1. Are any of the pairs Lys68/Lys352; Lys170/Lys340; Lys207/Lys233; Lys124/Lys340 more than 24 Å apart by Cα-Cα distance, and if so, which?
2. Which order do the peptides 90-99, 195-204 take when ranked by the mean count of other beta-carbon atoms within 10 Å per residue, highest first?
3. What is the distance, in nm, between label points placed 7 Å from the Cα along the Cα-to-Cβ direction at Asp148 and at Gln354?
4. Calculate, for Thr211 and Trp87, the FRET efficiency according to 1/(1 + (r/R0)^6) with r their C-beta to C-beta distance and R0 35 Å; round to the nearest 0.05.
5. Quote the FRET efficiency, to the nearest 0.05, computed for Lys170 versus Val228 with a Förster distance R0 of 45 Å and r equal to the Cβ-Cβ distance.
6. Using Cα positions and a limit of under 20 Å, work out the aspartates and glutamates in reach of Lys230, with same-chain residues fewer than 8 apart set aside.
7. Mind checking the full-extension length gain between Glu194 and Ser275? Use 0.36 nm per residue of separation minus the Cα-Cα distance, one decimal, nm.
8. For the residues Met138, Met212, what sequence is obtained by ranking on other C-beta atoms within 10 Å, fewest first?
Amino acid sequence: MRNSKITWAVLAGVVLALVAGIGVAIAINRGSSEPDAAPAGPAAASASAGPSASPSASPSPSPGADIKGPLDLVLIGVDTRTSIPGWEPHADAIMLLHVDAGLESAYLYSLPRDLRVEIPAYKKSGFGGGRYKITEAMSRGSRVPGSDRVSVEQGYELLTKTLSAYTGIKTFHGGAILNFGGMAKLVDALGGIEMTIDQRVESRHRKPDGTMRQLARGGGDFVGPQAVYKPGKQRLVGWQAIDYARQRYGLPNGDYDRQRHHRQLVRAILGTAMSQGLEDPAKLGDVISALGKSLVYVGGRTPFEYAYALRDLSPADITMVSLPGGGIGRGGGYLGEQLKAEGKGFLKALVKNQHAAYLAQHPKLVDKG
């Protein structure tokens, strides 16, 4: 087995905890069918076996060697207003990664943050259940009765319960909760990334020099010069990568275009990392160290263990899938989003392990480029 394969896989595990165009906060791994394991560092999957303390002892299997497919992972981008009293996390971006049984092919797709769904009752937070936007599952699950604090782990649990009820996927084997900040550190640690911009995007938040635009008097929108991302190959630094991926206002398909840009960003990060010579564990360690305390893991199996399990999965093996949808309302008021029949059909096919055939019949769902 080539060391570069193993080391790329470690990086892939880190990237799985950094995607959605938003950055790093907490990775949570709660696979109900898998035993707990102690958190592993970057060397866990790439270190070669050294001299054994006992000549007769058999070498221990690499952490993650026991993980089998298929796997379903959830990647959640949360808003970043953690300094505001009473702040509750909302799932601003939701990406799901399905890895096939052989662990050599995968499908990355997104659900709209405003998807109107049934959120089940959740005793831990005192939530009685009801029909809401899926973004609210995080906040409603995070509440701790009788306390001012919030539990992101509870929010994650209710969100995954909601996702299971909506998609039919019974178990999510691992997940990441992400915020802004760590993403910029990762991209800058890689020396920037090259992306193919597929449409003109004007920033609502940043000026061309990266400083923040000012709010108009009285609030509302921002004013001043805007950073602009033009179609074609672009070299993006950290703040640009975040800024480009988070835009939805002014785009023809709003949040659906933004979801596609999230998935493109995943591929760009992996492609750039593989071109950086990160088969050297020391270089890879430098990249991970640059994230500092932005990268925190909670729970059982770590991203590094999943990374080892996915060592034969390359960026080209990840199919990016768009699930079309549209807005719904009542009495002229906006209630949220719902997936169209084609999008719902993909989810049903996925549960039945018929997703590859379904995409062959519905090729427009596959992202180009």
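1. Lys124/Lys340
2. On the way: 90-99: 23.7, 195-204: 16.7.
Descending mean neighbour count gives 90-99, 195-204.
3. 5.4
4. Values: r = 25 Å, r/R0 = 0.71.
It comes to 0.90.
5. Details: r = 44 Å, r/R0 = 0.98.
The pair Lys170/Val228 has a calculated efficiency of 0.55.
6. Glu194, Asp198, Glu202, Asp209, Asp243, Asp255, Asp257, Asp367
7. Between Glu194 and Ser275, full extension yields 28.1 nm more.
8. Going from least to most buried by this count: Met212, Met138.
A short reminder: the numbers here are calculations on the coordinates, not readings from a lab. Keep in mind the model is a prediction, meaning the values are calculated, not measured. In this analysis, Cβ positions are derived from the backbone assuming ideal geometry, glycine residues included, and neighbour counts consider all displayed protein chains.
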